[in-house]
Each structure stands twice: as C-alpha cells, then as structure tokens.
Amino acid sequence: MLDFDLFEQTYEKCLKCNACVVNCPVSNTTLDFGGPKHLGPELKRLVNQQQTIDDKRIELCTLCGNCDMSCPENVHVSTLTAYAKAIHSDQSGTKFRDFVLSNAETVGKLASSFGPITNLAMGMKPVRKVMEMVMDIPAERQFPKYRFKNFKRIYHKKTAGTKRKVAYFVGCYATYNAPEVAESFIKVMKYNGIEVAVPDQKCCGVPMFANGQMTQGLKNANYNINSLLEYTRQGYDVVLTCTSCTMALKKEYVSFLKSAGAKELASHVYDADEYLRLLKDSGELNMDLSPMKEKAGYYAPCHMKAQGIGNPAMDILELIPGYEIQDVGAGCCGQCGTFGFKKEKYDVSMRIGKPMAEAVKEVNADYTVTECGMCKNQLDQLTDKVVKHPMQILAEAYDSYR
Amino acid sequence: MFDVVVIGQGLSGLLSAISAKEQGFRTALVSIGSGKIIQSTGVMDLIPGSHGGLKEWMEFHQLTVGQKQGAIDAVEQFKELTERLGYPYSGDPEKPVQIVTGAGHVKTTTLYPQTIKPVPERGHVVVVGFQGISDFQPAYVAGNLHKHRPDLIIDTMKISLGKHSQRTMTQLDAARLLDQEEVRNECLTQIKQQLTEKNIRRPSLFIFPASLGIENWRKTVEQFTRELGTAVTEAPGMPPNATAIRLNERLKKQAVRLGIRFYSDTTVTGFKADGQMIQSLMIKTVNQVTELQGKQFVLATGGILGGGLEATPSGLKETALGLKTDEEGALLNCPVNLHPVGAANGLQNTQYGITGGIFSIVSAYQTINQVCQLASVEGGTRSA
C-alpha cells in the first residue's frame, strides 16, 4: 500500500462550515462528487492513524483550489484531496487514458514532432471516434494544436548577462502548443532590458497530481527544484507565463514536499504580470507602450486567483494608453486541465463552463484575455471570441511604439 | 498604490469595497476565506434576537437622533444596489416584519429578499420539506411555529427532489436543483398530489427551506406561486441558505466586474506605519510576504464570529493588525487612516456575536463616504 508521508495537520481546524462546498465548482454542478469537505478534512480526520480508505468519489475533484481560497480557517483542503486522489489511483489503478493525459510533456514531445499530422488527425471525426472508443476521450472535445516548431526548437539560451536575470519556466503548454506566448514573453523582457534563460525543466507536475500520479509528480517537482535553485542562487528570478505551473512552484511543491528547497524556490517565483508589476513599482518598467483602442474581457483562471496577488494581468494591461479591460467575473472554466478531456466528465465540464461562456457574452468585449492555456481551450470551445495571452498584447504594444 | 484597501469580504467589506470603487477609487480587497455572508440567513435584522424597532436599534448602537436619516439613506442605498444586481430586497427599517425561520421560530427582521414573505397571524399554511435535506424538518418547523402562531392552521409534507446525492445534501444543493425546470415540475406535481390526498384547499402560504433557486430564483418563485395559486416563502435556517448565497454571489461578481482587486487567500500579518498613518499592509500570500500600499484602510474583519476579534485569557485581541482594544473590542489609538466597519467596531455593536446586518450596511456606507472624502482630499485625483 502506498504510504504517503503527509504531515498535514491543518484539517484539525476544519469547523465543517461548508465554505469549501459552497465555492466548489464541481459540487455546485453535480451531486455525484463527494465534495471538498467530505473528501478533504473529514476523510483525513476519519482515517488519520487508521486504515487508509480509497474513495472513488474523489475522481471528480479537479484540484482547482477554490476550496483553499474559501476556507476561513486556512485548512489546506486541496492538499488533502490531492492525496485522496493519489491513494485512489494507487489502490484502484490508473486508466491508460489518465496515464497518457497526466504525461502532458511526453504527449507534447511526441505530438509536436509530428505537429501537422497530429493536428490534422485530431481534427478528423473517424480518428476522434476511435479515440472515444479506445481512450474514453470525447469526440466533441476540441484539443489545443501542437506545433512542430515548438519553443524548445526555437530558444536555447541557458544563461543571462543582464542586471536583472530571469529564469523562465516555460511549461508544457507554451513549449508545445503556444510557442508564441513564450516568444512574446521573451520579447517583453527584452524591451525591459532583461535577458531570459531557460533552465532544464520537466513538466511542473500539475497534470500528474490531478490524475493521482503523485510519485511521478513529486519526482518532477524535485528535478525542477534542483534545477531552478541553481539559478535563483545566482540571482535569477523565476518567472512563468502559465498560472497552473506558477501555483505548483509557489504552493504545491511546498505543501507536498515541505522541503527547505521547495520553500527556498517558492520565494523567488513570479507570475509574468506580477513580475512586470514589480518592475513598475520600482520604476524600472519600460513605459513605451503604443496606444491600443481595444476592449478586452479578462477571464481569471482559478490558479491565478489562488495566488493571492490581486489581478496583475489587468494592472499591467491597463498601462497601455486607450486600452480597456474588464474582468468578466466568472468562476471556474470547467476544463480544469485534463479533467475536461475525459468522456465521463465531459458533461460536468461543459456545465461548469456554461456560466463562464455567459459571462463572456454579457461583457461582450472584442476578445478575451487569459493566462491559462487550458482555460483558453474551454473558452475556444464555448465562446466565439478570440483568446489571447497578456504577453501577446504587451509585445504588440511594445512592437508598435515609435 | 491603492486609494482604499478593504480587509475582509463579509457584508461590511464587500459593501465598502463596492461603494468605494463605484465612487471612482482604486480599491483592493484582502481576505482569507470566502467571507461570512454564506453562513448567514441573508435577511437583515435590526437587533438580532430582539423585536425592537429603529428607536431601540439607535439606542443599542448609541446613535444620536441626528444620525437617523443617514441610517435610512444607507438602507435605501443597499436596496438600490440589490435591485441593480437582480436580487432586490424589500422592507423598511421603520416597519420591521415577522418571518419564519428554518427552525419554525418567528423572528423580527427588516430587510429581506423577494423570496421571503412575512408569516401571517392566522390562516392556513403548508410547510414543505425535501427528502434528504436533514436541516429542514417540516414537523419540527410546524411544532415550533404553532407556539408562536396558535391561531394558524399548519400542515406539513415532504417531497422528493428526484436526485440521488453522493454527499449530505444541503439547502444550497436543493436550490441549484430547483434552478432546473424539470425538477420544479416534478416537485409541483408531488405537492399537488399530496394536497389532494390530505384534502388541503387554498392555503394562504407555502413555507419552503431557503432553496427556491439560485440563478433562476425569480422563475422558481413565480412558477410556484402561479401553480400553487398562493404565496410561497423561504424559511432560512441552517447554512448554506440560498437567500444568503444569492446575495454573496451577486455582490462578488459586481465587485470583480467593477475592477476591485481581490487578494484572496491572504493573511494580513502586520503593517508599516508613519506615525499615526498606515502606509502599507504586510500580506502573506502562498509562500511570500508582500507589501500592499494604500491611502485609506477599511477594517471589515468582523467580531468574534467573523474572526476579527479573538477572545484570549488576557482579553480580546484584534487579529488582523494586532492593534490594542478596550475590553469591548473597540480599537484604542486607531491609526487615522484605518476605519473599522460593522462588527469590527467592537462587541458593543453585536448581539449574540452578530450585527444583524442593518448595522453592517449603515456602518459600511457611512464609513466609506467619510473615507472617500478623505481619499479625495489627500489623494488628489481619483485613479479609477
């Protein structure tokens, strides 16, 4: 039996107030989910120092982290549910599909090597029908595109020589699916006189944690911690363009590993917009931004909200003269990383996403801005608006300045 | 740098932040947890647990007669806001009404959403419960209600929502189910059937748990009223009450759409001050401590129940900023740009640990008007 050494005592403060259940996007959509309170602190209280219980109902947890954000007693609910997921997949086994989905990096490497073919095949109905039958991946679900010219083929810089030095944790999405986001980030940094190094890195582990692949996820976590600490100890700041990877480096590594290294790394990690805001506050930000007469709707990913950093993307984009941006005020998108790619969860995923699609429609901006690639996937499927990353807009504003 | 930084996202905090932002001030809201509205009934009392009116309320909070109009104006402002947000509140502080709770207790309240109707002295009411919702037991409600309303004829029934749940169902779960038309139709069929079986004709009110829809509360109330041919009410009781969740969700959505910056899941660990002025708050985010600068600060952390005050063997402790308080929890030597609202004003403003809602509303609006005056004087231009 898997014996996770989980020194997580915060559950003792749980008052069963239901704040997490009230704010859980899955609980609010289906009665099939056991809920964060029952499968987090209550389950932990029940089994602590007793026999481990494998509870199947945990499958519907997406690890969005809204439970952590809503808890008035600071119980680390999502840490507890992540372990419940790990126990479940250890004891009940992992579907081949979930194993594949959790290895976003391997999939990205393979899929992007055959980029054009992958995209073509993924868009073909017969192929998708087979995938649905063999893999339980619903035929209706849109997939992000894979790029042959992925970011690894484009950018090879391992060191930076400027005063401020950035170590960029690219993440699987910007590497294999959206190298334009990574390139925009490099450009934005360049306009600010900052060189960007890309350290050796593996998938942050979030898709693994979400699929109960805790052992593999923690292996990746340790690899990334060791690799990135070499940089932070030389004065680099670790900056990311994906809010889920940022959450992993800031919070999850610390919660799961509780190691000194994880804590040390966490204190050097910044979301890209948060980092630019920091430059702005210290008077270092290049303000040569060309005016843009556009109105954008902002969609806040759960893993951005959970960082407790306000709304840095809007703080930065509002600096562009004439640029209008409004938060659409929506909850979880329902894609939730790999969750929305699973046949048995597809319906729940769509139902969670519906209010988001309505919010985007209500605000009716020219296009939608969000940091998260997976949220973008759901926005692409459920709305008719183009979706952009904040770095793409900023790069454009810098490029057209004269 | 923010014009206004609000600590706490309960009723006082959200109203303060929304009001400040609507007046054009750059506003941040710092919070741990999702705020205490979700634990409430969503109805706004004058003095909780008391039948007192506006006069008694003013005495309770030691307000002068001159402050009465200000209080009434603040209540009007709240009603105007909730109307705009699609969840209007009814009621008049000068004319409190009596409503029934989820325990069958009759309580006096002042502002209530349109899903609630006052409970009559006489006539015929039917209490309807849902199977699986253990927090609302029709027989128990009827027994208690009978003590308060001996002249009322009370019938009870239980119906099924037709859905199996993998967890303990709450009133909120029921409310989300009743957002769906098929569930509403199924429920109405069962109610009508039981009315026939029990030979009940034309009751004057149906009493439900606080579950009559969330997004589609208006549709639910209209359909139930139409098809049952008489008024329906929610009886708010054990949280989560739909009455409160609707208010909470709408206030938050409004705050986010206005552009208030939410620093969620953060703990205030201290502050930096220049003499009697707070310069910035130190907030602990996931694994970093960051500094949040502001001109004016609003303390909306609540009393003992809200977590803003902690009762310790050596007396009361203010939890967010670690400020000294008197034995009632009111701040001593309050920094000049820190403004406590609602229950954060100390225990003399709470009964059974809560302010009853009206005090929070009045306190939030009045405080924020002063804050905004200060912010414009000191801050120069408004940066919306």
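Observations on the structure shown:
- When A:Thr79 is tested against the conditions (1) within 21 Å of the chain's Cα centre (by Cα); (2) at pLDDT 85 or above; (3) more than 14 Å from every other protein chain (Cβ to nearest Cβ); (4) part of a helix (DSSP H, G or I), the lone failure is (3).
- Flag if A:Ser89 is more than 19 Å from the chain's Cα centre (by Cα), crowded, with 18+ Cβ neighbours inside 10 Å and farther than 22 Å from A:Asp32 by Cβ: no
- Considering (1) touching a Ser or Thr at 6+ places or on another chain (Cβ under 6 Å); (2) away from chain A (no Cβ under 14 Å); (3) farther than 17 Å from B:Tyr87 by Cα; (4) crowded, with 24+ Cβ neighbours inside 10 Å, the lone condition that B:Glu234 does not fulfil carries the number (3).
- Some residue of the range B:122-138 being hydroxyl-bearing (Ser, Thr, Tyr) and in contact with a helix residue (DSSP H, G or I) (Cβ under 8 Å, 6 or more places away or on another chain): no
- Selection from the range B:52-85 of residues that are more than 30 Å from A:Gly329 (Cβ to Cβ) and in a loop (DSSP other than H, G, I, E, B): B:Gly52, B:Gly53, B:His61, B:Gln62, B:Leu63, B:Thr64
- Restricted to helices (runs of 4 or more DSSP H) entirely inside the range B:86-204, those with at least 1 residues that are of a type in the set (Val, Ile, Thr) are B:138-148, B:181-197.
- Lone qualifier among A:Asn66, A:Asn103, A:Asn74 - being closer than 22 Å to A:Cys333 by Cα and within 12 Å of chain B (Cβ to nearest Cβ): A:Asn66
- Filtered by the rule that a residue be surrounded by 17 or more Cβ atoms within 10 Å (Cβ to Cβ) and out of contact with any strand residue (DSSP E or B) (no Cβ under 8 Å at 6 or more places or on another chain), the range A:287-318 gives A:Leu289, A:Met292, A:Pro301, A:Cys302, A:His303, A:Ala306, A:Ile316.
- Cβ-Cβ under 7 Å pairs, at least 6 apart or on other chains, the range B:292-317 side of a type in the set (Asp, Glu), far side assigned to a loop (DSSP other than H, G, I, E, B): B:Glu310/B:Thr319
- Test: residue in the range B:272-292 that is at the interface with chain A (Cβ under 9 Å from one of its Cβ atoms), within 30 Å of A:Glu358 (Cβ to Cβ), out of contact with any Cys (no Cβ under 9 Å at 6 or more places or on another chain) and among the polar types (S, T, N, Q): no
- Residue check for B:Leu195: surrounded by 21 or more Cβ atoms within 10 Å (Cβ to Cβ) and either charged (D, E, K, R) or not assigned by TED's automatic domain parsing to the domain that holds B:Leu46 (or both): no
- Meets criteria (out of contact with any Phe, Trp or Tyr (no Cβ under 8 Å at 6 or more places or on another chain), free of Cβ contacts under 8 Å to residues at least 24 places away in the same chain and under 30 Å from A:Ser27 (Cβ atoms)) for A:Gln91: no
- Some residue of the range A:337-350 being in contact (Cβ under 8 Å) with a residue 24 or more places away in the chain and in contact with a Cys (Cβ under 8 Å, 6 or more places away or on another chain): yes
- Answer residue from the range B:199-217, given it is loosely packed, with under 15 Cβ neighbours inside 10 Å and either modelled with pLDDT of 95 or more or on the phi > 0 side of the Ramachandran plot (or both) and is farthest from the chain's Cα centre (by Cα) among those: B:Asn199
- Hey, A:Thr79 touching a residue at least 60 places away in the same chain (Cβ under 8 Å) and surrounded by fewer than 18 Cβ atoms within 10 Å (Cβ to Cβ) or not: no
- Test: A:Asp380 is charged (D, E, K, R), in contact with a strand residue (DSSP E or B) (Cβ under 9 Å, 6 or more places away or on another chain) and modelled with pLDDT of 95 or more: yes
- Looking only at the range A:9-60, residues that are at the interface with chain B (Cβ under 9 Å from one of its Cβ atoms), closer than 22 Å to A:Phe256 by Cα and not in a helix (DSSP H, G or I) come to 1 in all.
- Of all residues in the range B:199-227, those that are over 16 Å from B:Val125 (Cα atoms) and away from chain A (no Cβ under 14 Å) have Cβ atoms under 6 Å from Cβ atoms of residues that are of a type in the set (Val, Ile, Thr) and in a loop (DSSP other than H, G, I, E, B), 6 or more apart or on another chain, in B:Leu212/B:Thr115; B:Trp217/B:Thr115; B:Val221/B:Thr115.
The values are calculated or read from the model by the stated rules, or taken from the named source; none is laboratory data. Keep in mind the model is a prediction, meaning the values are calculated, not measured. Note: ideal-geometry Cβ built from the backbone for every residue, glycine included; neighbour counts use all protein chains shown.
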